[in-house]
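Notes follow the structure.
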Amino acid sequence: MTYFLGILQTIGVHTLLGLSAYLLLLTGQLSLAQAGFFAIGAYVSGILTVIFGLHIFPALAIGAFIAGFFAFLVGFPALRVKGLMLVVATIAFSEIVRLFFFNLSWRVIINGIEVGPDSTQGFREIRYFAANGWEQVDIVGLIWFLVIAVMLVLWWLDQVRAGAVLRAVGADELAAQSSGINLTRVKIAAMTGGGVIAGIGGGLFAHSTTYIDHHTFVVLLATFAVSYPILGGLRSVVGTLLAVIFIQGFIIEGLRFIGDYRYLIFGLLIVLVMNLRPHGIIDGHFLDDIKKLLGRKTMRGKVDD
Amino acid sequence: MNFDYIDVIQTLIDGILFGSIYALIGLGFTLIFGAMHKLNLAYASSGIAGAYMGLMSLTIVGVPVLMVFIIGPIVAGLISLILYFACFRFMPRGNHLAPLMASIGALFFIDELIIHATAGSPLSFPAILQDSYFIVGEFGIRGDLLMIMGFSLILMVVVMQLLYRTKLGLATRATSQQPVAALLCGIPTHKTNATTFCLAGILGGFAGCLLAASVGILSPLIILPLTIKGLIVTVIGGLGSIRGAIIAGFAVGAAEGIFLLVRGVNERDIYVYLLLFFFLVFRPNGLFGSTINRD
């Protein structure tokens, strides 16, 4: 039971990570900084509960806020310049954050025990849940409550004008600009929103695993983050969730018996899927194919680009 | 902080000499970007993979040491060609995300492959001219770094000649400027792109071999820093500018040396990466980039 709850935790946290990349991908931008925002959320909220003794909820909120603020800071210079600059800037940012926490040592004595981030040794004593009598079921409940809340918000965005604006920028920047949309503002808003979501995910990750170190936040984690929405397709938030379940549940957990070759398969899978289905596995055609199988009218022609 | 101007100048000399490797990687990124207006994030990993294959031919087959520096680049060129077909050739032209994502997948595929083949431990690489050391006045110049610099400069001249003096170069530049018009003029654009990838891969293979020879070890851990620094060089030089990439390569090498001297090895890379943001804020088009924002 603990094992399955553990997998549920991982899937929940990674879904938040994937959704943070999803929001920005809607505008057609690819960011590899998600691991950096995740790390900021994890360290900040961990430091707040451990060193400052804050309650978990304000700690998560402040961590998310600071992650969002850094997303804004990174997005601002990178998104002003057109094109592929964001990838370069975000991959560098991710490593800057990782190296910062690699060097960060902030040890304090609290209740006779030395706690806090200890540079290369990692940050060990994030025991808020255990110290306050949370069961694992409660933790999984909290994670999934937040996952569903974020998914609902993103789903709701698609029902209102904001979603249409985001998708318009993603579909055709020139056309979107011609209809009066401020491209930079929309992209930076999406970037900031993504940072907040990743920050929440990071805070939950830090508190549910109780131990974090800089190795967790490598660019591979950022690759996972963008691969979920890309493999799952940008049609809806459910695609991201399904992709997380497939990659974390099947490839990483289910194929544990083949050892580290799983990561090889992950790399190969991305290359293959991008060649065969450049718009993700669950793209417009996929839904049409299913509808056809069910014998219903299709929506061919209304394919996302 | 107790270092005088001699330390600073010595660091600058070493940094600029070592920067020739970054210049080579940046040049490769620029060639690929120029050809297709796309980033191949797996590029540096293909260079390192080539260096590994060169090392393998030394340890397993027992070829002469010099052959490592021939086999490595050739294999790297082939890997780069495979990357072209795996990640770029069959992608829809207007889709920028798919090839980028595929090249990230390929980066981790090559990375994991190397980690598996070597069990994750670094291998020692044959050093060249390790013992030679030249004293010029108060400063010392490492012989191996000097050789790296000389070798890189020769390669850069060869690439420039290829681009600006041969028919192949003309085709490459034409494809880079206007792919459709080039195709209409009878230039086989796909073939030209494949050649560019191959050429860039060979450069990357040389860079990988030279890097490994100067450090003395080869480890998968250098792939990501090399990728990021190569990208930073490309951006600082101005996306698509060959001259800019070469100059920015030496500049980044020098800056890295200074940061190493001032802040130590653990924090060095933070400041090198921050350099990118400095340029993004104050000079987003790089040193030699065109003022028009290119995609």
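The values are calculated or read from the model by the stated rules, or taken from the named source; none is laboratory data. The structure presented is a predicted model; accordingly, all values stated were derived computationally and were not measured. Methodologically, a virtual Cβ is constructed for each residue, glycine included, from the backbone with ideal geometry; neighbour enumeration extends over all protein chains shown.
Has the range B:64-74 got any residue that is more than 11 Å from every other protein chain (Cβ to nearest Cβ), of a type in the set (A, V, I, L, M), touching a helix residue (DSSP H, G or I) at 6+ places or on another chain (Cβ under 6 Å) and farther than 30 Å from A:Gly233 by Cα?
Taking the range B:64-74 and keeping what is more than 11 Å from every other protein chain (Cβ to nearest Cβ), we get B:64-74.
With of a type in the set (A, V, I, L, M) added as a condition, the list becomes B:65-68, B:70-71, B:74.
Restricting the remaining residues to those that are touching a helix residue (DSSP H, G or I) at 6+ places or on another chain (Cβ under 6 Å) gives B:68, B:71.
The next check asks that each one be farther than 30 Å from A:Gly233 by Cα; those that pass are B:68, B:71.
Yes.
Of these, B:Gly286, B:Gly240, B:Gly201, which one is surrounded by 24 or more Cβ atoms within 10 Å (Cβ to Cβ) and not hydrophobic (A, V, I, L, M, F, W, C)?
Details: B:Gly286 fails: surrounded by 24 or more Cβ atoms within 10 Å (Cβ to Cβ); B:Gly240 fails: surrounded by 24 or more Cβ atoms within 10 Å (Cβ to Cβ).
Step by step, each of B:Gly286, B:Gly240, B:Gly201 is checked, and only B:Gly201 is surrounded by 24 or more Cβ atoms within 10 Å (Cβ to Cβ) and not hydrophobic (A, V, I, L, M, F, W, C).
Just give me the residues in the range A:206-220 being surrounded by 22 or more Cβ atoms within 10 Å (Cβ to Cβ) and either at pLDDT 95 or above or aliphatic (A, V, I, L, M) (or both), in sequence order.
Those that are surrounded by 22 or more Cβ atoms within 10 Å (Cβ to Cβ) and either at pLDDT 95 or above or aliphatic (A, V, I, L, M) (or both): A:Ala206, A:Ile212, A:Val219.
Could you please let me know if B:Ala106 is facing chain A (nearest Cβ under 8 Å) and in contact with a Ser or Thr (Cβ under 9 Å, 6 or more places away or on another chain)?
On the way: facing chain A (nearest Cβ under 8 Å): yes; in contact with a Ser or Thr (Cβ under 9 Å, 6 or more places away or on another chain): yes.
So B:Ala106 fits the description; yes.
Would you pick out the residues in the range A:77-105 that are of a type in the set (A, V, I, L, M, F, W, C) and modelled with pLDDT under 85? Working first, answer last.
Our first condition is that a residue be of a type in the set (A, V, I, L, M, F, W, C); within the range A:77-105, this holds for A:78-79, A:81, A:84-89, A:91-93, A:96-97, A:99-102, A:104.
Hits for the range A:77-105 are A:Ala78, A:Leu79, A:Val81, A:Leu84, A:Met85.
Would you mind finding the one in B:Leu113, B:Leu83 that is buried (at least 21 other Cβ atoms within 10 Å of the Cβ), at the interface with another protein chain (Cβ under 10 Å from one of its Cβ atoms), within 26 Å of A:Asn275 (Cβ to Cβ) and aliphatic (A, V, I, L, M)? Don't jump to the end; show me each part of the working.
Working: B:Leu113 fails: buried (at least 21 other Cβ atoms within 10 Å of the Cβ).
Just one listed residue meets the conditions, B:Leu83.
One line per residue, one yes/no per condition, for (1) surrounded by 21 or more Cβ atoms within 10 Å (Cβ to Cβ); (2) farther than 25 Å from A:His214 by Cα:
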{"position": "A:Pro77", "(1), (2)": "no, yes"}
{"position": "A:Val88", "(1), (2)": "yes, no"}
{"position": "A:Arg107", "(1), (2)": "no, no"}
{"position": "A:Asp118", "(1), (2)": "no, no"}
{"position": "A:Gln136", "(1), (2)": "no, no"}
{"position": "A:Val147", "(1), (2)": "yes, no"}
{"position": "A:Met151", "(1), (2)": "no, yes"}
{"position": "A:Trp155", "(1), (2)": "no, yes"}
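Go through the residues of the range B:54-61 one by one and say whether even a single one is surrounded by fewer than 19 Cβ atoms within 10 Å (Cβ to Cβ), of a type in the set (Gly, Ala, Ser) and in contact with a strand residue (DSSP E or B) (Cβ under 6 Å, 6 or more places away or on another chain).
No, because not a single residue in the range B:54-61 is surrounded by fewer than 19 Cβ atoms within 10 Å (Cβ to Cβ), of a type in the set (Gly, Ala, Ser) and in contact with a strand residue (DSSP E or B) (Cβ under 6 Å, 6 or more places away or on another chain).
Which of the residues that make up the range B:114-144 are in contact with a Ser or Thr (Cβ under 6 Å, 6 or more places away or on another chain) and either in a loop (DSSP other than H, G, I, E, B) or among the aliphatic types (A, V, I, L, M) (or both)?
Step one: of the range B:114-144, the residues in contact with a Ser or Thr (Cβ under 6 Å, 6 or more places away or on another chain) are B:122, B:143-144.
Correct list: B:Pro122 only.
Within the set of pairs 6+ apart or on separate chains, which have a first residue in the range A:73-96 that is within 7 Å of chain B (Cβ to nearest Cβ), a second that is of a type in the set (Ser, Thr, Tyr), and C-beta atoms under 8 Å apart?
Sorted first by the residue in the range A:73-96, then by its partner, the pairs are A:Ala78/A:Thr90; A:Arg80/A:Thr184; A:Val87/A:Ser31; A:Val88/B:Thr234; A:Ile91/B:Thr227; A:Ala92/B:Tyr273; A:Glu95/B:Tyr273; A:Ile96/B:Tyr273.
Name the single residue, out of those in the range A:230-285 being among the charged types (D, E, K, R) and more than 8 Å from chain B (Cβ to nearest Cβ), that is surrounded by the fewest Cβ atoms within 10 Å (Cβ to Cβ).
Start the filter on the range A:230-285 by keeping residues that are among the charged types (D, E, K, R), which leaves A:235, A:253, A:256, A:260, A:262, A:277, A:283.
Next, from what is left, pick out any that are more than 8 Å from chain B (Cβ to nearest Cβ): A:235, A:253, A:256, A:262, A:277, A:283.
Working: A:Arg235: 16, A:Glu253: 16, A:Arg256: 9, A:Arg262: 18, A:Arg277: 17, A:Asp283: 19.
Top of the filtered list is A:Arg256.
So if I check each of B:Tyr164, B:Tyr273, which one is over 21 Å from B:Arg89 (Cβ atoms), within 14 Å of chain A (Cβ to nearest Cβ) and not hydrophobic (A, V, I, L, M, F, W, C)? Please lay out each step first, then the result.
Working: B:Tyr164 fails: within 14 Å of chain A (Cβ to nearest Cβ).
Testing whether each residue is over 21 Å from B:Arg89 (Cβ atoms), within 14 Å of chain A (Cβ to nearest Cβ) and not hydrophobic (A, V, I, L, M, F, W, C) leaves just B:Tyr273.
Just wondering, is there one or more residues in the range B:225-237 that are more than 14 Å from chain A (Cβ to nearest Cβ) and within 11 Å of the chain's Cα centre (by Cα)? Spell out how you get there, then give the answer.
First pass over the range B:225-237, keeping only residues more than 14 Å from chain A (Cβ to nearest Cβ): none.
Within the range B:225-237, not a single residue is more than 14 Å from chain A (Cβ to nearest Cβ) and within 11 Å of the chain's Cα centre (by Cα).
What number of residues within the range A:43-53 satisfy the criterion of being under 12 Å from A:Ile126 (Cβ atoms) and not in a helix (DSSP H, G or I)?
The initial filter retains those residues of the range A:43-53 that are under 12 Å from A:Ile126 (Cβ atoms), namely A:43-51.
The next check asks that each one be not in a helix (DSSP H, G or I); those that pass are A:51.
Matching residues across the range A:43-53 total 1.
Mind listing whichever residues of the range B:174-217 are modelled with pLDDT of 90 or more and polar (S, T, N, Q)?
Correct list: B:Thr192, B:Asn193, B:Thr195, B:Thr196.
Residues being touching a residue at least 40 places away in the same chain (Cβ under 8 Å) and either touching a Gly at 6+ places or on another chain (Cβ under 6 Å) or within 14 Å of another protein chain (Cβ to nearest Cβ) (or both): count how many of those fall in the range A:103-118.
Filtering the range A:103-118 down to residues touching a residue at least 40 places away in the same chain (Cβ under 8 Å) leaves A:104, A:106, A:108, A:110, A:115-117.
With either touching a Gly at 6+ places or on another chain (Cβ under 6 Å) or within 14 Å of another protein chain (Cβ to nearest Cβ) (or both) added as a condition, the list becomes A:104, A:106, A:108.
The total comes to 3.
Quick one: B:Arg243 ticks every box in (1) under 22 Å from B:Gly205 (Cα atoms); (2) more than 10 Å from chain A (Cβ to nearest Cβ); (3) in a loop (DSSP other than H, G, I, E, B) bar one, so which box is it?
(3)
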